[in-house]
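Single-structure report; data block below.
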Amino acid sequence: MDFEISKQQNMIKNAIAEFMKKECTPEYSRSLDIEKKFPEELWQKMAENDFLGISIPEEFGGSGGDILDYVVTIEAISKGSIAVGFGFFLTVCFGGKSIGFYGTEEQKKFFLPKLASGKCKFALSLTEPGGGTDILGAMKTSAKIQGDNYIINGQKTFISGADVADYFITVLRTDDNPKKKAEGISVLIVDAKAPGIIVKPIDKLALRSVSACEVFYDNVKTPKSTLLGKEGQGWYQLVSTLNNERIGVAAMATGMASGILEIAVKYAKERKAFGKPIGQFQAIQHKLAERAIELEAARGLLYKAAWLQSAGKRCDIEANMAKYFASTVGFDIVSTAITVMGGYGVTEEYDVARHLHIAKGFTFAPISNEMCLNYIGMVGLGLPRCY
Ligand SMILES: Cc1cc2nc3c(=O)[nH]c(=O)nc-3n(C[C@H](O)[C@H](O)[C@H](O)COP(=O)(O)OP(=O)(O)OC[C@H]3O[C@@H](n4cnc5c(N)ncnc54)[C@H](O)[C@@H]3O)c2cc1C
């Protein structure tokens, strides 16, 4: 057994840490959140440094890294700025990985080099107003064939980065009367600027540099060639890419939490009360030590799930465990950091409280932790399906 990451992964980690320190200062990250602005310039610099293509195959303009490289990258970016880590995840996981798994040669040749060079961004257009957890029950958005095109009508909600995306990975119904709810669903790569699409950002309290948006499709025309994978098989395709998504979310939560824990530890060493650094009080020290243990355990689960996937082994249960645990620990770490920092924990200057909503968000999006537990109970422990 070897717990070391490879030399190459260590290089990626250090290069990104250095890049983030230089290019994405806390002041810059804060200003993006306050101004609700996606970091376009930084995105281009990330492309120039070959970070966007780390897990894209070399033949399509990337560096050919695997899921472990992808995890190291997301974790390091998210430690520097969760907003940038989240933007990376949306494009590389929802766009790059989906096209990598199910795209035709033409689609891969067209999209992946553009993605790696920072020329296109993606958003996942899946959740509907009727509900995200029971998405199969809620899904009303549909597409009908007309000549060489699909015509899309419907509405999606909470679509992250929809206002800056060039393409939507849109999941919809192509059969209104399927035998099973999971059948008759397809995935289309839709041009985000196509006539008939309206994008409206939703006001939210967290991660404001990456908007969550309502997306309306009103008779939107997209060529048949934009179908990703097989018509009617979209749900099964989506399910098979979910492990990647779970692992990616765990990597974001772990990276973000490690950055926040560092801020809290530094503060505990510097802040004095009763003539001592507050980190000398056992009540403070033990809290931080407990969170450090939990973070290390979360990272262990994350790397195990990623390693299993990278070795071509089954990783569905571990991916759900990793997502569940990293998001739970992430929230606890932000909450503890605020306790340790008292009033300064909720100031703009320290950027800690800003992460509270984000950390909570990871416990229910893109899949809720209750559904992770349902999956682990049912598939991992063989208990009866509870929903
Ligand atoms: C900031 C943000 C960004 C997002 N980005 C995207 C995006 O880019 N693309 C996209 O498509 N969607 C996105 N979403 C949507 C996200 O995936 C959904 O919010 C999530 O799936 C939960 O759906 P819901 O909000 O409709 O809650 P609901 O499905 O209504 O669930 C509410 C509660 O009920 C619980 N629950 C429901 N069913 C069960 C059950 N069977 N057993 C136990 N508990 C259950 C849930 O766990 C949850 O706690 C985003 C959401 C947010 C807040």
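The values are calculated or read from the model by the stated rules, or taken from the named source; none is laboratory data. Everything numeric in this text was worked out from a predicted model, so none of it was measured. Note: ideal-geometry Cβ built from the backbone for every residue, glycine included; neighbour counts use all protein chains shown.
Here are a few things to note about the model shown:
This table checks each residue for (1) surrounded by 21 or more Cβ atoms within 10 Å (Cβ to Cβ); (2) out of contact with any strand residue (DSSP E or B) (no Cβ under 8 Å at 6 or more places or on another chain); (3) hydrophobic (A, V, I, L, M, F, W, C); (4) part of a helix (DSSP H, G or I).
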position: ALA17; (1), (2), (3), (4): no, yes, yes, yes
position: LYS21; (1), (2), (3), (4): no, yes, no, yes
position: LYS37; (1), (2), (3), (4): no, yes, no, no
position: GLY53; (1), (2), (3), (4): yes, yes, no, no
position: GLY62; (1), (2), (3), (4): yes, yes, no, no
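- Once segment 20-66 is narrowed to residues that are farther than 30 Å from TYR350 by Cβ and of a type in the set (Ser, Thr, Tyr), the residue that is modelled with the highest pLDDT is SER63.
- For segment 97-123, the set of residues classified as more than 11 Å from the ligand (Cβ to nearest atom), touching a helix residue (DSSP H, G or I) at 6+ places or on another chain (Cβ under 8 Å) and hydrophobic (A, V, I, L, M, F, W, C) consists of ILE99, PHE101, PHE111, LEU112, LEU115, ALA116, CYS120, listed by residue number.
- The condition of being touching a Leu at 6+ places or on another chain (Cβ under 6 Å) and over 30 Å from SER310 (Cβ atoms) holds for only one of SER225, SER209, that being SER209.
- Residue within segment 313-323 that is under 24 Å from ARG208 (Cα atoms) and either touching a helix residue (DSSP H, G or I) at 6+ places or on another chain (Cβ under 6 Å) or assigned by TED's automatic domain parsing to the domain that holds ILE263 (or both) present: yes
- Qualifying residue in segment 183-195 (condition: within 14 Å of the ligand (Cβ to nearest atom), in contact with a helix residue (DSSP H, G or I) (Cβ under 7 Å, 6 or more places away or on another chain) and either in the same structural domain as PHE101 (by TED's automatic domain parsing) or assigned to a loop (DSSP other than H, G, I, E, B) (or both)): no
- Scanning segment 124-180 for residues that are aliphatic (A, V, I, L, M), touching a strand residue (DSSP E or B) at 6+ places or on another chain (Cβ under 6 Å) and within 12 Å of the ligand (Cβ to nearest atom) returns LEU124, LEU126, ALA138, MET139, ILE159, ALA162, ALA165, ILE169, VAL171, LEU172.
- Of all residues making up segment 345-387, the number that are in a helix (DSSP H, G or I), more than 30 Å from TYR28 (Cβ to Cβ), of a type in the set (Ser, Thr, Tyr) and within 9 Å of the ligand (Cβ to nearest atom): 0
Yes/no matrix, rows are residues, columns are (1) loosely packed, with under 14 Cβ neighbours inside 10 Å; (2) of a type outside the set (Ser, Thr, Tyr); (3) free of Cβ contacts under 8 Å to residues at least 60 places away in the same chain:
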site	(1), (2), (3)
GLY96	no, yes, yes
PHE110	no, yes, yes
SER117	no, no, no
GLY132	no, yes, no
ALA182	no, yes, yes
LEU188	no, yes, yes
ALA194	no, yes, yes
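- If the condition is being more than 27 Å from the chain's Cα centre (by Cα) and aliphatic (A, V, I, L, M), then segment 147-177 contributes only ILE151.
- Residue check, PHE94 within 11 Å of the ligand (Cβ to nearest atom), not polar (S, T, N, Q) and not in a helix (DSSP H, G or I): no
- Residues in segment 309-325 that are buried (at least 20 other Cβ atoms within 10 Å of the Cβ) and assigned to a helix (DSSP H, G or I): GLN309, GLU318, ALA319, ASN320, MET321, ALA322, LYS323, TYR324, PHE325.
- The condition of being over 24 Å from LEU238 (Cβ atoms), among the hydroxyl-bearing types (Ser, Thr, Tyr) and in contact with a Leu (Cβ under 9 Å, 6 or more places away or on another chain) holds for only one of SER29, SER81, that being SER81.
- Residue list for segment 196-232, filter: part of a strand (DSSP E or B) and under 22 Å from GLY100 (Cβ atoms): THR222, PRO223, LEU227, LEU228
- Failed item, numbered, when ILE198 is tested on (1) modelled with pLDDT of 95 or more; (2) more than 13 Å from the ligand (Cβ to nearest atom); (3) in contact with a Gly (Cβ under 6 Å, 6 or more places away or on another chain): (3)
- Positions within segment 56-97 being touching an Asp or Glu at 6+ places or on another chain (Cβ under 9 Å) and hydrophobic (A, V, I, L, M, F, W, C), in sequence order: ALA83, PHE89, CYS93, PHE94
Yes or no, residue by residue, for (1) of a type outside the set (A, V, I, L, M); (2) assigned by TED's automatic domain parsing to the domain that holds ASN320; (3) crowded, with 23+ Cβ neighbours inside 10 Å; (4) more than 25 Å from SER81 (Cβ to Cβ):
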| position | (1), (2), (3), (4) |
| --- | --- |
| ILE202 | no, no, no, no |
| ALA212 | no, no, no, no |
| TYR217 | yes, no, yes, yes |
| VAL239 | no, yes, no, yes |
| ALA257 | no, yes, yes, no |
| LYS269 | yes, yes, no, no |
| GLY279 | yes, yes, no, yes |
